[in-house]
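*Asks:* I have a structure here, written as structure tokens, and I will follow up with some questions on it.
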Amino acid sequence: MTIVAKQYEYNFTEIEKKWQQKWEDTHIYEVERDESKPKKYVLEMFPYPSGRLHMGHVRNYTLGDVVARYYWRLGYNVLHPMGWDAFGLPAENAAIKHGIHPKKWTYDNIANMRKQLKRMGISYDWNREVTTCDPEYYKWTQWIFLKLYEKGLAYKKKAKVNWCPNCKTVLANEQVVDGKCYRCGTPVVKKEIEQWFFKITAYADRLLEDLDKLDWPERVVVQQKNWIGKSKGTKVRFKLEDFDDYVEIFTTRIDTIYGVTFMAIAPEHPLVEKLVRGTPYEEEVMAFKEKVMNMSDIERMSTTLEREGIFTGKYAINPYNGERVPIWVGNYVLVDYGTGAIMAVPAHDERDYDFAKKYNLPIKVVIVPEEGEWDFDKGAYTEPGILVNSGPFSGMKSEEAKEALTKYAEEHGFGERSYMYRIRDWLISRQRYWGAPIPVVYCEKCGIVPVPEDQLPVKLPEVVDFEPKGAISPLATSKEFVETTCPICGGPARRETDTMDTFVDSSWYYLRYPSPHSEDKPFEEEDVKYWMPVDEYIGGAEHAVLHLLYARFINKFLYDIGYSPVDEPFQHLFTQGMVLKDGAKMSKSLGNIVDPDEMMQKYGADTTRMYTLFAAPPERDFDWKEEGIEGVFRFLKRVWNTINDLIDSVDDFDKELPPEDTWTDKEKELIRKTHWLIYRVEYDMKDNFRFNTAIAAMMEYMNLFQKIYKDVRPEVAVFGAKTFIQVMAPFAPHITEELWERMKQPYSIHMSPWPKYDEKYLKADTITVVVQVNGKVRGKLDVDAEISKDEILKLAKEIPNVKKFLEGKQIVKEIYVKGKLVNFVVK
RNA sequence: GCGGGCGUGGCGGAAUUGGAAGACGCGCUGGACUUAGAAUCCAGUGGCCCAAAAAGCCGUGUGGGUUCGAAUCCCACCGCCCGCACCA
């Protein structure tokens, strides 16, 4: 048993500082476009500069760093940049609360967080730092707006929009979760205001189809698919009985149209008023409409809300069979989906069924199951089946009937094939100060006039009254900002005072890193052509339908107008799990925050990094445990002591391994394990970043190394130690760099080639074969790897314990799985 | 309700994809070194049976199935997490 005699002081603070300085001085992580080398673009979602890094950031950026460092070692030219999603409400709130200017607040926070990231030893190319609130950046955010406007994809309209009374601004649909503001949780209310929108719906089909090209987590893909919510169906126009007008409906179940017994329209539908005006129904119907419209979104969206409705007194005609169909107003019909009106088929739709039961409307069966019976007293039959009572279409199967009925509608001009989407256009105006101004002016003569490109950026004025004013942006208080001249006629004009949603800023930042200093273009063609797409994008899954959808949209647009070289920006997406404490998300109010600075001070950056990787598989949530980080700290100290002890006893660190035929058993064991380690870590890197098991392999290796390094020749031990720290370098960059230097190796370990394993050392010459009888382990054999089946079966039968179980039985089958096990099946 | 994921020791988690369940770490127990502790090192650690060991039996949410062999595949059920949810 060998015990490390000496303890070496592991002064991580000094070591980490020393190397961070040297990396910076020698610019080793700075990268240039180089067509002669293969590239990798590794990107982590940039943070909002809140002022302090949290453990979620530490985990996120450590993951990215390991990947980036690994790719460097494989010989790639690696782009690994960092920046700041620097516009946003908290800066403005700080200004209101503490009287600090949002700009100062933001830049102070950035300075602190940049320091924290450097202290973590992340391999960023800081020359490429991008800050979205920098006029040199938002100039191009505004430019993108102008390009969208030019193509008719940015437009202004008066709309009922989501308003957060707490944040005092409007929100996009994606930013409303369960009827509440995604940021502060306040229930949103509807407000009718003129707002700017981006026409993301024009890209709905491509955003949907191209999901198949991406190497993304299923979960995120599914979320985007649901959000886009495409469904295939048929539009049908039902003529009104008393007017020269019609009700248009959308249905995915045109095969049930002979079963229509009423129609239901949304209370907000413009037809409602027209149908009942001046009739005895008017008063009641309008009262019902009021009642429904006064409900909050939360109430209205509630699944427990009872289906209610009211008859309008009017009828429409089913164009297929000429039947008169009563028109109702229903609270369950949504004005902003489909056409805001439905054909109701109680026999084959649960909602219509409930409604019909409640108001005693007829239930007409037009679909029966292909096999078996359906009891319509119990509920609607909503599955496909065979059509009955459907005129000439009776007897057809649902799928076939859908085609035939749609074709019929098209031929007779009262309907056609149609697709509906759940996704709405992206509302991008915000009534707040700290954002990129929308580059538009309003001229009395010329109307809406986009600011010419050569006048960008439209700069934010420094002095304004930040106090929110309701539906008016704080920018409106700045006379100097608002009052301008029209770029067309030169007459007096007013600037748009709303700013853009911060998700616009972050929808293209990955394109800026390749050319962060470009002055007359958002980015250079050769740069993005070389670097794009992002090969590895790492961040939280909470952005599934926010940032990740917006970024895909904006990139597609830039691709279409010839700027982005790729139609999808993020080839591979990795969504990491959260860091919890005591089973809950860390938060100030719960008082369960673990501070990264504190951890780095107590254990060092290497330990903190490795613990966040070791604690759990990276895609899973994990609970922060002080004992856990101590375990990793112990491991690094063990590495430090052992390798320093070796270093003390060796002079020449560059000696070749001795010839293979002279290797002792222990040397052979250590050399084999070394190859195994490289293989294991590579395997885990490739298999979805399984860094937890990669680190486990390093620990396993160290356990063996420590046991036998004194019993092997120095060159063998040095080979093992060098390989080990080379493999560990992407995970713990400082301690490995220090040990590398102490082994007199050329700077820097992080630019040294990744070690290679040799297959032949992965297989041992002797293997342990398990011997089973009827599937139960009864013995083991250590045998030569190349042993024949006959031989091993013979040996197996001689094991006393196996013999015991074979005695008096008849062997019906003998199984030998090469290198693994023998199984005797006996009776 | 629909869709997706998961369920393994006291805990976090392994199991190279159908072949020794529990790697690695934490925790715990015993020991060495120490006046003592911390640190470090060594040994042990799924349960049952046993004074102990060997041998044996049980064991991957539950019940069934396929297979020589199942944590892994199939069916049913239970529980947890995530997403969607009157979408016509």
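*Asks:* Would you mind getting the accessible area per residue of segment A:117-192, heavy atoms of the protein chains only, 1.4 Å probe, in Å²? Provide the component values of the computation, followed by the final result.
*Replies:* Working: 2910 Å² over 76 residues.
Roughly 38 Å² per residue, with all protein chains present.
*Asks:* Another question, if that's okay. Add -39500 (n - 2.57) for each DSSP H run of 4 or more in chain A, then divide by its residues: what number comes out at 222 nm, to the nearest 500 deg cm²/dmol? Each step should come with its number before you reach the end.
*Replies:* Working: 26 runs with 300 residues, N = 827.
Only helices count here, giving -11000 deg cm²/dmol.
*Asks:* In straight Cα distance, which aspartates and glutamates are under 13 Å from A:Lys789, not counting same-chain residues fewer than 8 positions off?
*Replies:* Here the aspartates and glutamates satisfying the reach criterion relative to A:Lys789 are A:Glu814.
*Asks:* What do you get when you divide the Cα radius of gyration of segment A:47-173 by 2.2 N^0.38 Å, with N the number of residues?
*Replies:* Numbers: Rg = 18.4 Å, N = 127, 2.2 N^0.38 = 13.9 Å.
Dividing the Cα radius of gyration by 2.2 N^0.38 Å gives 1.32.
*Asks:* Mind running the shape call on chain A? Use the C-alpha gyration tensor, a ≥ b ≥ c as the square roots of the eigenvalues: rounded below 1.5 for a/c, prolate if a/b tops b/c, oblate otherwise.
*Replies:* oblate
*Asks:* Given +1 on the Cβ of Lys and Arg, -1 on the Cβ of Asp and Glu, and no further charges, what dipole in debye does chain A carry about its Cα centre, rounded to the nearest 20? Write down the numbers at each step before the final one.
*Replies:* Numbers: 115 positive and 130 negative charges, 299 e Å.
About 1440 debye.
*Asks:* Measuring from label point to label point, each 7 Å out along Cα→Cβ, what is the A:Lys17 to A:Ala584 span in nm?
*Replies:* Output for this residue pair reads 3.8 nm.
*Asks:* Now for a different question. What whole number of Å gives the distance from the Cα centroid of segment A:617-650 to the Cα centroid of segment A:165-195?
*Replies:* Between the Cα centre of segment A:165-195 and that of segment A:617-650, the gap is 47 Å.
*Asks:* What do you get for GluC sites (Glu not before Pro) in segment A:324-372 restricted to DSSP loop and a cutoff of at most 13 other Cβ within 10 Å of the site's Cβ?
*Replies:* Values: sites: A:Glu350, A:Glu370, A:Glu371; in loops: A:Glu370, A:Glu371.
Passing both the DSSP loop test and the Cβ count: A:Glu370, A:Glu371.
*Asks:* If R0 is 56 Å, what FRET efficiency do you get for A:Asn127 and A:Tyr246 from their C-beta distance, rounded to 0.05?
*Replies:* Efficiency, from the Cβ-Cβ distance: 0.30.
*Asks:* For a quick protection proxy, order the peptides A:562-570, A:63-71, A:547-555 by their average other-Cβ count within 10 Å, most packed first. Please report the intermediate quantities before stating the final value.
*Replies:* On the way: A:562-570: 19.0, A:63-71: 24.9, A:547-555: 23.1.
Listed from highest to lowest mean packing, they are A:63-71, A:547-555, A:562-570.
*Asks:* Let me ask another. Quick one: Kirkwood hydrodynamic radius for segment A:108-186, alpha-carbon pairs, angstrom, one decimal? Present the calculation step by step, with values, prior to reporting the outcome.
*Replies:* Working: mean 1/r = 0.0610 Å⁻¹.
Result for segment A:108-186 stands at 16.4 Å.
*Asks:* State which entries of A:Lys180/A:Lys289; A:Lys180/A:Lys357; A:Lys637/A:Lys707; A:Lys378/A:Lys407 exceed 27 angstrom in Cα-Cα distance in the structure shown. Don't skip to the answer; put the middle values down first.
*Replies:* Working: A:Lys180/A:Lys289 24 Å; A:Lys180/A:Lys357 33 Å; A:Lys637/A:Lys707 16 Å; A:Lys378/A:Lys407 33 Å.
Long pairs (Cα-Cα over 27 Å): A:Lys180/A:Lys357; A:Lys378/A:Lys407.
*Asks:* Mind checking which aspartates and glutamates have their Cα closer than 12 Å to the Cα of A:Lys239? Skip sequence neighbours fewer than 8 apart in that chain.
*Replies:* Within the straight-line cut-off, A:Lys239 pairs with A:Glu248, A:Glu323.
*Asks:* Per the 1.4 Å probe, what fraction of the accessible area of chain A, in percent, lies on carbon and sulfur atoms? Show your work: numbers first, answer last.
*Replies:* Numbers: 18190 of 37010 Å².
Exposed carbon and sulfur together represent 49 percent of the surface.
*Asks:* Follow-up. I'd like to check one number: the per residue accessible area of segment A:766-826, probe 1.4 Å, reported in Å² as a whole number. It would help to have the intermediate numbers written out before the result.
*Replies:* Details: 3880 Å² over 61 residues.
Averaged over the residues of segment A:766-826, the accessible area is 64 Å².
*Asks:* Still on this structure: Specify, per residue and in Å³, the volume enclosed by the convex hull of the alpha carbon atoms belonging to segment A:284-424.
*Replies:* On the way: hull volume 20.3 nm³, N = 141.
That works out to 144 Å³ per residue.
*Asks:* Over 27 Å between Cα atoms, which of A:Lys710/A:Lys744; A:Lys40/A:Lys655; A:Lys529/A:Lys756 qualify?
*Replies:* On the way: A:Lys710/A:Lys744 20 Å; A:Lys40/A:Lys655 34 Å; A:Lys529/A:Lys756 31 Å.
From A:Lys710/A:Lys744; A:Lys40/A:Lys655; A:Lys529/A:Lys756, over 27 Å: A:Lys40/A:Lys655; A:Lys529/A:Lys756.
*Asks:* Sticking with this one: Might you tell me the accessible area per residue for segment A:21-74, computed with a 1.4 Å probe and given in Å²?
*Replies:* Values: 2010 Å² over 54 residues.
Accessible surface, normalised per residue, equals 37 Å².
*Asks:* For segment A:1-66 and segment A:770-795, compute the distance between their C-alpha centroids and round to whole Å.
*Replies:* Computed from Cα coordinates, the inter-centre distance equals 49 Å.
*Asks:* OK, next. Quick one: of A:Lys22/A:Lys115; A:Lys190/A:Lys469; A:Lys103/A:Lys585; A:Lys168/A:Lys445; A:Lys168/A:Lys581; A:Lys588/A:Lys625, which pairs are farther than 22 Å apart, Cα to Cα?
*Replies:* Working: A:Lys22/A:Lys115 15 Å; A:Lys190/A:Lys469 17 Å; A:Lys103/A:Lys585 29 Å; A:Lys168/A:Lys445 31 Å; A:Lys168/A:Lys581 32 Å; A:Lys588/A:Lys625 18 Å.
Violating the 22 Å limit, Cα to Cα: A:Lys103/A:Lys585; A:Lys168/A:Lys445; A:Lys168/A:Lys581.
*Asks:* Would you give the gap between the C-alpha center of segment A:233-303 and the C-alpha center of segment A:396-441, rounded to a whole Å?
*Replies:* Distance between centres, Cα-based: 19 Å.
*Asks:* Order of A:590-600, A:731-741 by packing, highest average Cβ count within 10 Å first? Each step should come with its number before you reach the end.
*Replies:* Values: A:590-600: 15.7, A:731-741: 24.2.
Peptide ranking by packing, descending: A:731-741, A:590-600.
*Asks:* What FRET efficiency comes out for the pair A:Lys625/A:Val449, r = Cβ-Cβ distance, R0 = 45 Å, nearest 0.05? Please report the intermediate quantities before stating the final value.
*Replies:* On the way: r = 60 Å, r/R0 = 1.33.
FRET efficiency, A:Lys625 to A:Val449: 0.15.
*Asks:* Another one. Between A:Glu306 and A:Ala764, what is the label-point separation in nm under the 7 Å Cα-to-beta-carbon projection?
*Replies:* Roughly 7.3 nm, to one decimal.
The values are calculated or read from the model by the stated rules, or taken from the named source; none is laboratory data. Note that the structure is a prediction, hence the values are computed from the model and not measured. Here Cβ is always computed from backbone atoms with ideal geometry, including for glycine, and neighbour counts include all displayed protein chains. The protein model used for the area step is the full one, side chains on, heavy atoms only, and it has no ligands, DNA or RNA in it. Shrake-Rupley method; radii C 1.70, N 1.55, O 1.52, S 1.80 Å.
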